[in-house]
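The values are calculated or read from the model by the stated rules, or taken from the named source; none is laboratory data. This one's a predicted model, so the numbers in the text were calculated from it and none came from an experiment. Don't worry about glycine lacking a Cβ; one is built from the backbone with ideal geometry, like all the others, and counts go over all protein chains shown. Each accessible area value is taken on the protein alone, full model and side chains, heavy atoms only, with ligands, DNA and RNA left out. Shrake-Rupley method; radii C 1.70, N 1.55, O 1.52, S 1.80 Å.
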Amino acid sequence: MANKEKLFTEFQVPTTQEWLDKIEVDLKGADFQKRMVWRTNEGFNVQPFYRREDLQTLKAVDSLPGEFPFVRGNKKDNNLWFVRQDINVDDAKVANAKALDILNKGVDSLGFKIAGKDISAEFIATLLDGILPQYVELNFSTCQRHCVELAEILVAYFKQKGYPLADLKGSIDFDPIARMMKKGKDTTPVLQQAKPLIEALTELPGYRCINVNSVALNNAGAYIYQELGYALAWGAEYMNLLTEAGIDATEAGKRIKFNMGVSDNYFMEIAKFRAARLLWAQIVKQYEPQCDCACQMHVCAYTSEYNQTLFDSYVNLLRSQTETMSAAIANVDSIVVTPFDKPYETPTEFAERIARNQQLLLKEEAHFDKLVDVSGGSYTIEHLTDAIAQEGWKLFLSVEEAGGFLAEAQKGNIVNAINESNTKRHADAAKRKEFILGTNQFPNFTETSDGKQPIASSMCCGSAEAGEALPALNTARMASEFETLRLATEKAKKQPIAFMLTIGNLAMRQARAQFSCNFLAAAGYKVMDNLGFKTVEEGVDAALAANADIVVICSSDDEYAEYAIPAFQYLNGRAMFVVAGAPACSEDLKAAGIENFINVKSNQLGTLKEYNAKLGI
């Protein structure tokens, strides 16, 4: 065609101010900053919309995939990643059979966790029998003092089998600093093995052996900017140690691997990995490596354990699916999906199968592996990438100015900072400032634990290193205190019954009854909603007939002045009395002897603990 039609030319492009003016009209006087601006935990605000003009000062948006600074990924023509599954190896032959089985079910990356006492040539030969390492990424984790021995055995085994050593991909998880923070013991003497480990793997150039396990911070409740900033400082610490030990900067950069967590903050996590590659490339560049490929950050992403729950555990699938999507869209190199049942049992074959298939669906049906940096150019994602990079860089610089990551870890400052975040997030969950679907928000009213009990995280094998005790990471999941409360309720002789005495204004009583049912069911109480009562006496009689332990009056603020005190007096202490809301007449109600109020500002966890105590649980 000689003339190419230009679409939408008849429409005028609105300016940013016109958009803001329209929003102000629609808000009808409400505060724009409070209603529309997202105040993140990362230290910056997110606007409700972005335009091309917001990205004009961002240099990273002009880069291409596969090119320095790799913000858009390390690959140019695809977004393939390794589908990884980890195996705890107790018996080499059993683990080998499992590995061969899951390789036929879509996995192309294996992670073996082996006890240090088991490391031997015979054990490794049995474990890897029938596995072709030129087609499968192999990753090994063992006690830190046995990593060099393991490397030497692997090289000898691969050479004896005649495998193409230059083509093999994998890793050995050497990271004494992570052990220090998880176990609370100073492991710095083990760092001396870093250079011998790299030298032992000289003939395996595709094996990364110096690991940054910031996933440990993620599983301890770190905020996104904290994991990013600390991971960068962690990696820089290893670059310093290696180059000072005489390892060439190019070799050092190519031997470092990042194992990072990914939470369910969908867009922020996409941006985190993009920002991580951008900043890591800049850091390694300062060591003047011989090629830009040494500046590439290689990441294995683990879906988070911190937000997983024991109750309503199938919701864990929703969490890990969005997390997997974030990691895949962000162009990571491999992904481990945490099985949904991990909080309360050794993952079953079914749970592991679902975890594998979550990745395979994204590849085979959603085609996430076909597009490079699909989020590139998104005004919001590009802004988030820049904003998170700035906050992560600030934290990185503060660690460097304090003497570096190792020094800060030895002082306990890193662990203390993460544990403070964990404490704050638990407090926010208690107040429902952070929602945990199925736990503190919309719990399953009829669910029971069926004997499920939370299990503790596994620790590193082998004996603890000697030395002065350091603070250790607190890995208590965000839902753990609610689960403890609910499990205690289950053990009670009688399941408490919370009865909704709904009366007065239809809309308000329904809204407050729904809120109260969700609020109280989080403790495992049996909640009974009702259509409404004509009088408070009728409602109280119905509650007592239902053998209620708690009676919650649900009405409008104005009507509480009329209904609450008569209902309380008629109940006469035969059950706990609760007012749903924070009415203006609260002081009058308290003067009449009413003690219990629940509303959106209540500390849900603290209130429920108090109620359990009053009920003798």
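At a probe radius of 1.4 Å, what is the per-residue accessible area of Met528, in Å² to the nearest 10?
The value for Met528 is about 60 Å².
Need one number: nm distance between label points at Glu288 and Thr346, each 7 Å from Cα along Cα→Cβ, rounded to one decimal.
5.3 nm
Would any residue of segment 267-309 have its amide N under 19 Å from a label point 7 Å out along Cα→Cβ of Leu397? List them or say none.
275-287
Classify segment 305-410 as rounded, prolate or oblate from the Cα gyration tensor: take a ≥ b ≥ c as the square roots of its eigenvalues, call it rounded if a/c is under 1.5, otherwise prolate when a/b beats b/c and oblate if not. Could the numbers behind the result be given before it?
Numbers: a/c = 2.55, a/b = 1.34, b/c = 1.90.
Judged from the Cα gyration tensor, segment 305-410 comes out oblate (a/c at least 1.5, b/c at or above a/b).
To the nearest 20 debye, what charge dipole does segment 498-617 have about its Cα centre, counting +1 at the Cβ of each Lys and Arg and -1 at the Cβ of each Asp and Glu? Can you show the working numbers first?
Numbers: 9 positive and 13 negative charges, 88 e Å.
Here segment 498-617 has a charge dipole of around 420 debye.
Between Lys161 and Lys452, take the C-beta separation as r, use R0 = 41 Å, and let me know the FRET efficiency to the nearest 0.05. Intermediate values should be presented prior to the final figure.
Values: r = 44 Å, r/R0 = 1.07.
Step by step, r from the Cβ atoms, then E = 0.40.
Using 1/(1 + (r/R0)^6) with R0 = 51 angstrom and r between the beta carbons of Trp19 and Arg353, what's the FRET efficiency to the nearest 0.05?
Numbers: r = 47 Å, r/R0 = 0.92.
Efficiency, from the Cβ-Cβ distance: 0.60.
Checking the cross-link filter: which aspartates and glutamates have an alpha carbon closer than 14 Å to that of Lys93, excluding same-chain neighbours under 8 positions apart?
Here the aspartates and glutamates satisfying the reach criterion relative to Lys93 are Asp101, Asp118, Glu122, Asp129.
Calculate what fraction, in whole %, of the accessible area of segment 179-279 sits on carbon and sulfur atoms when a 1.4 Å probe is rolled over the protein chains. Each step should come with its number before you reach the end.
Working: 1220 of 2490 Å².
Its accessible area is 49 percent carbon and sulfur atoms.
Assigning unit charges at the beta carbon (Lys, Arg +1; Asp, Glu -1) and nothing else, what dipole magnitude in debye, to the nearest 20, does segment 10-80 show about its Cα centre?
Numbers: 11 positive and 12 negative charges, 62 e Å.
With only Lys, Arg, Asp and Glu charged at Cβ, the dipole is about 300 debye.
Could you give the size of the charge dipole of the chain about its Cα centre, using +1 on the Cβ of each K and R and -1 on the Cβ of each D and E, expressed in debye and rounded to the nearest 20? Numbers along the way, then the final one.
Working: 64 positive and 80 negative charges, 96 e Å.
It comes to approximately 460 debye.
Give the residue from Gly404, Pro343, Ala220 lying farthest towards the positive end of the charge dipole for the chain; charges sit on Cβ (+1 for Lys and Arg, -1 for Asp and Glu) and the dipole is referred to the Cα centre.
Comparing the listed Cα positions along the dipole, Pro343 ranks first.
Please report the antiparallel percentage of the DSSP beta bridges confined to segment 12-115, to the nearest 5. Don't skip to the answer; put the middle values down first.
Numbers: 2 of 8 bridges.
Of the beta bridges lying entirely in segment 12-115, close to 25 percent run antiparallel.
Once the other residues with Cβ under 15 Å from the Cβ of Glu401 are scored (Lys, Arg +1; Asp, Glu -1), what is the net sum? Please list the in-between numbers first.
On the way: positive: Lys394, Lys411; negative: Glu237, Glu400, Glu408.
Local net charge: -1.
Considering only DSSP beta bridges whose two residues both sit in the chain, what percent are antiparallel, to the nearest 5? The partial results should precede the final answer.
Numbers: 3 of 50 bridges.
The antiparallel fraction comes to roughly 5 percent.
Summarise the accessible area of segment 330-423 (1.4 Å probe, protein heavy atoms) by the percent that is carbon and sulfur. Could the numbers behind the result be given before it?
Working: 2050 of 3900 Å².
Roughly 53 percent, rounded to a whole number.
Quick check on the chain: helices-only [θ] at 222 nm, where DSSP H runs of length 4 and up contribute -39,500 (n - 2.57) each and the sum goes over total residues. Nearest 500, please.
-13500 deg cm²/dmol
Bin width 10 Å, origin at 0, all Cα-Cα pairs of the chain: what percent of pairs per bin?
Going out from 0 Å in 10 Å bins, the chain shows 3, 14, 22, 22, 16, 12, 7, 2, 0 percent.
Calculate the length of the line joining the C-alpha centroid of segment 232-294 to that of segment 115-151, in whole Å.
Comparing the Cα centres of segment 232-294 and segment 115-151, I get a distance of 25 Å.
By how many degrees, 0 to 90 and rounded to 10, does the Cα axis of helix 349-364 deviate from the longest principal axis of the chain?
70 degrees
Rounded to whole Å, give me the distance from the Cα center of segment 9-63 to that of segment 156-190.
Segment 9-63 and segment 156-190 have Cα centres separated by 47 Å.
What order do Asp529, Asp386 take when sorted by accessible area (1.4 Å probe), most exposed first?
Values: Asp529 85, Asp386 50 Å².
Descending accessible area places them as Asp529, Asp386.
Any chance you could look up the accessible area of Thr446 with a 1.4 Å probe, heavy atoms only, rounded to 10 Å²?
120 Å²
Keeping the other protein chains in place, figure out the carbon and sulfur percent of the accessible area of segment 1-116, with a 1.4 Å probe.
Working: 4060 of 7850 Å².
About 52 percent, which is the carbon plus sulfur part of the accessible surface.
With unit charges on the beta carbon (Lys/Arg positive, Asp/Glu negative), name the residue among Ala115, Leu360, Trp38 whose Cα is farthest towards the positive pole of the charge dipole of the chain.
With unit charges placed on the Cβ atoms, the residue in question is Ala115.
In the neighborhood of Glu237, defined by Cβ-to-Cβ distances under 12 Å, what is the net charge if each Lys or Arg adds +1 and each Asp or Glu adds -1?
Working: positive: none; negative: Asp175, Glu244, Glu400, Glu408.
Residues near Glu237 contribute -4 overall.
Could you name the lysines in cross-link range of Lys526, using Cα to Cα under 23 Å and dropping any fewer than eight places away on the same chain?
Straight-distance partners of Lys526: Lys431, Lys452, Lys491, Lys493, Lys494, Lys601, Lys609, Lys614.
Positive end of the dipole of the chain, charges at C-beta (+1 Lys, Arg; -1 Asp, Glu), about the Cα centre: which of Ser375, Ala582, Phe258 has its Cα farthest in that direction?
Checking the options against the dipole of the chain, the answer is Ala582.
Enter the Cα centre distance for the pair segment 340-373 and segment 70-110, rounded to the nearest angstrom.
Result: 12 Å between the Cα centres.
Assign one of three labels to segment 505-597, namely rounded, prolate or oblate, based on the Cα gyration tensor with a ≥ b ≥ c the square roots of its eigenvalues; rounded applies when a/c is under 1.5, prolate when it is not and a/b is larger than b/c, and oblate otherwise. Please report the intermediate quantities before stating the final value.
Values: a/c = 1.31, a/b = 1.16, b/c = 1.13.
It comes out rounded by the Cα gyration axes.
Starting from the Cα of Asp77, step 7 Å along the direction of its Cβ; do the same at Asp90; then give the gap between the two resulting points in nm.
Using points 7 Å along Cα→Cβ, the separation is 4.6 nm.
Could you compute the net charge surrounding Ala387? Neighbours are other residues with a C-beta less than 14 Å from the C-beta of Ala387; K and R count +1, D and E count -1. Before the final figure, lay out the partial values.
Working: positive: Arg39, Lys272, Arg274, Lys394; negative: Glu42, Asp54, Glu269, Glu382, Asp386, Glu391.
Here the charged neighbours net out to -2.
Under a point spin-label approximation (7 Å from Cα along Cα-to-Cβ), what is the Lys534-Glu562 distance to one decimal in nm?
About 1.5 nm separates the two model spin labels.
Counting heavy atoms of the protein chains only and a 1.4 Å probe, report the per residue accessible area for the chain as a whole number of Å². List each step's numbers first, then the result.
Numbers: 27690 Å² over 617 residues.
Accessible area per residue: 45 Å².
How much FRET efficiency would the formula 1/(1 + (r/R0)^6) give for Leu7 and Gln47, where r is the Cβ-Cβ distance and R0 is 41 Å, rounded to 0.05?
Calculated transfer efficiency: 0.90.
Sort Val94, Val262 by accessible area with a 1.4 Å probe, largest first. Walk me through the numbers before you get to the answer.
On the way: Val94 95, Val262 0 Å².
Sorted by accessible area, descending: Val94, Val262.
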